[in-house]
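J.: Below is the structure I would like to discuss, written out as structure tokens.
Every number here is computed from the coordinates shown, using simple stated rules; none is lab data. Quick caveat: nothing in here was measured; it's all calculated off a predicted structure. Heads up, the Cβs are rebuilt from the backbone with ideal geometry, glycines too, and the neighbour counts pull from every protein chain shown.
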Ligand SMILES: [Zn+2]
């Protein structure tokens, strides 16, 4: 068992229970209907049985998995019938045995977004228990708040109740017993553990907001049968004694649930007030502002605030990450100026050309699969490219590499020309009707049509539409829940408004030009990899972390390390490339050759991409650092060279390079 002494002590202190209760066997028993308790004396594991197999919530440690196995069998059920394995939250005392349980049963593992990476990596990226490790476990499905888990007529709902961990999950379902229906709630954890920093927490800046959200949700849930991640939450041992005495429905306790939630909320508020008081005191004593906030966050956010005050942008989300954690995340200013609506860390942005590296990554994944090679001629996949001639009358001989390095010379469409195109297949003939401007490979000219041609190749070799392919291969497995070509009605209110700056220095609302008047939710346009994606800072950070980790994320390999290397190494030789000086181009990525000006604070070899409305994402592999800036400003003179980008990167590098 990979578990250090220190973290064990901390985790034990956290639940106020001794080691012995965690490992002590406890009689398996029916809670109600098809719901059973199969955990140890304090580590709760629940079995929900159905005619099509069973669901288990929580594993505990390897040792408690053995206790659970005995319990399940003592009830007359088979471990091999367990089909789905769920979790309360990604702390070792609930999930360290997941890998073993997965092996024993062959069950699929479903985990809430925010905890998925921690479980998959065997404990990496946790807040607080940073050295606690367990055996990594494959996560088969990443859940979002409100997602349903269905099996054999039973439907469990996953409610995101964050704070205790980022993906802490409260499970609810209905159970039938004696002709009556009862609401079951398994609380994920409402506890502010000893050592949790609610104020100025640079590893988990939104922790206090998350806890507050959680209490709102817990109070709103209808509850008859009160259960939790630890038996101690609901007095399991005492309730079991009542059951043994013959009390019917011993676990039906709606009043106990309400009381527990109120009590825990009070405890949270008390700790929060105490920590806030301490932070305030620190401020006055030192005479400096921002003492309660770690300098990394304050320095970055204060710099960004200046550009908001100067009306360069309405608001911004800034994020700095290492390969396995978010170091800084903050939302400043407004998502909408009028009527005023604050920017949030989960605000959604049109990321425009930041879609291009995503397509390049997908194509390299398909190369790893053996479906294509970037040195292949385009006509191998799109026969209509046969006969395409360059300006000198010779065959153009375009390769996928030309497409991804902007050296194809392909012609561009004029605004409105692609209006009728509903698919990438529709748009290819339009590109082919344009003359090729130069012999491919001889010049660098930023090119939209070549990137979309690459997108069409991905569709042809897989037989799947690009939007589906990206969801299946990247966004789903990476847990990028708000990254899409087409926003849903539910996501739409989180889209930050776009602004242009007028000559007299005011910010004026402007549409996303790319959409040509259509709604961000409209599917009446093709999935354009040259610039069609919407995303959030935390989502795009996950994509960047995968690339920075040489193609691996959360224990899953997306891309071979050599493919990452190839994609992010300059392929354009000495050709002059855009949009700022000292750069070259990899496959779909801009690469900094000689840092200068706007890239002066970055290491040589840093790679990334910007978007038309000022969004930026840059990965510095030497510093192992990711910089993400999300803004929506339409008319920067050069969006890759904006002062907002400069200030953000400068403040972050200056603070973190210390
Ligand atoms: Zn916990």
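J.: Ranked highest first by the average count of other Cβ atoms within 10 Å around their residues, in what order do 185-196, 532-543, 236-247 fall?
T.: 532-543, 185-196, 236-247
J.: Taking square-rooted eigenvalues a ≥ b ≥ c of the alpha carbon gyration tensor, is the range 72-181 rounded, prolate or oblate, where a/c under 1.5 means rounded and, failing that, a/b exceeding b/c means prolate? Working shown, then result.
T.: Numbers: a/c = 2.14, a/b = 1.37, b/c = 1.56.
Here the range 72-181 falls in the oblate category.
J.: How far, in nm, would the chain grow between residue 306 and residue 81 when pulled straight, counting 0.36 nm per residue and subtracting the alpha carbon separation?
T.: Values: separation 225, 0.36 × 225 = 81.00 nm, distance 5.91 nm.
Separation in residues times 0.36 nm, less the Cα-Cα distance, equals 75.1 nm.
J.: Additional query: With the cut-off at 1.5 for a/c, could you classify the range 574-657 from its C-alpha gyration tensor as rounded, prolate or oblate?
T.: oblate
J.: Over the range 5-270, what relative contact order in percent results from Cα pairs under 8 Å that are six or more residues apart? Please list the in-between numbers first.
T.: Working: 560 pairs, mean separation 39.7, N = 266.
Relative contact order of the range 5-270: 15 percent.
J.: When a footprinting reagent is the concern and you count Cβ atoms within 10 Å, what order do 585, 350 take, fewest first?
T.: Values: 585 23, 350 26.
If I rank by nearby Cβ atoms, fewest first, I get 585, 350.
J.: A further question follows. Take the Cα pairs of the chain, get the Kirkwood Rh, then feed it into Stokes-Einstein at 4 °C and 1.567 mPa s and tell me D in µm²/s. Present the calculation step by step, with values, prior to reporting the outcome.
T.: On the way: Rh = 26.7 Å.
Diffusion coefficient, whole number: 49 µm²/s.
J.: Let me ask something else about it. Relative to the longest principal axis of the chain, what angle (0 to 90°, nearest 10) does the C-alpha long axis of helix 295-309 take?
T.: Value to nearest ten degrees: 50.
J.: Please order 166, 133 by the number of other Cβ within 10 Å, starting at the fewest.
T.: On the way: 166 25, 133 19.
Lowest count first: 133, 166.
J.: Could you work out [θ]222 nm for the chain from helices alone, using -39500 (n - 2.57) per DSSP H run of at least four and dividing by all its residues? Round to the nearest 500 deg cm²/dmol.
T.: On the way: 18 runs with 198 residues, N = 658.
The per-residue figure over the chain is -9000 deg cm²/dmol.
J.: Given the peptides 403-413, 70-80, 102-112, arrange them by the average over their residues of other C-beta atoms within 10 Å, most packed first.
T.: On the way: 403-413: 24.0, 70-80: 15.0, 102-112: 20.5.
Highest mean packing first, the order is 403-413, 102-112, 70-80.
J.: Sequence gap at least 6, Cα distance under 8 Å: using those rules, report the relative contact order of the chain to the nearest whole percent.
T.: Values: 1392 pairs, mean separation 72.9, N = 658.
With pairs under 8 Å counted, the relative contact order is 11 percent.
J.: Next question. How much length, in nm to one decimal, is gained on full extension between residue 384 and residue 262, taken as 0.36 nm per residue of separation minus their Cα-Cα distance? Can you show the working numbers first?
T.: Working: separation 122, 0.36 × 122 = 43.92 nm, distance 6.72 nm.
37.2 nm is the gain from fully extending residue 384 to residue 262.
J.: A further question follows. Classify the range 5-270 as rounded, prolate or oblate from the Cα gyration tensor: take a ≥ b ≥ c as the square roots of its eigenvalues, call it rounded if a/c is under 1.5, otherwise prolate when a/b beats b/c and oblate if not. Present the calculation step by step, with values, prior to reporting the outcome.
T.: Details: a/c = 1.42, a/b = 1.20, b/c = 1.19.
The shape class here is rounded.
J.: Kindly put 50, 442 in sequence by how many other C-beta atoms sit within 10 Å of each C-beta, fewest to most.
T.: Working: 50 16, 442 10.
With the fewest neighbours first, 50, 442 line up as 442, 50.
J.: Could I ask something else about it? Could you work out how far helix 356-368 tilts from the main Cα principal axis of the chain, as a 0 to 90 degree angle to the nearest 10?
T.: With rounding to tens, the tilt is 80 degrees.
J.: Relative to the longest principal Cα axis of the chain, at what angle does helix 5-15 sit, 0 to 90 degrees, rounded to 10?
T.: Tilt relative to the chain: about 70 degrees.
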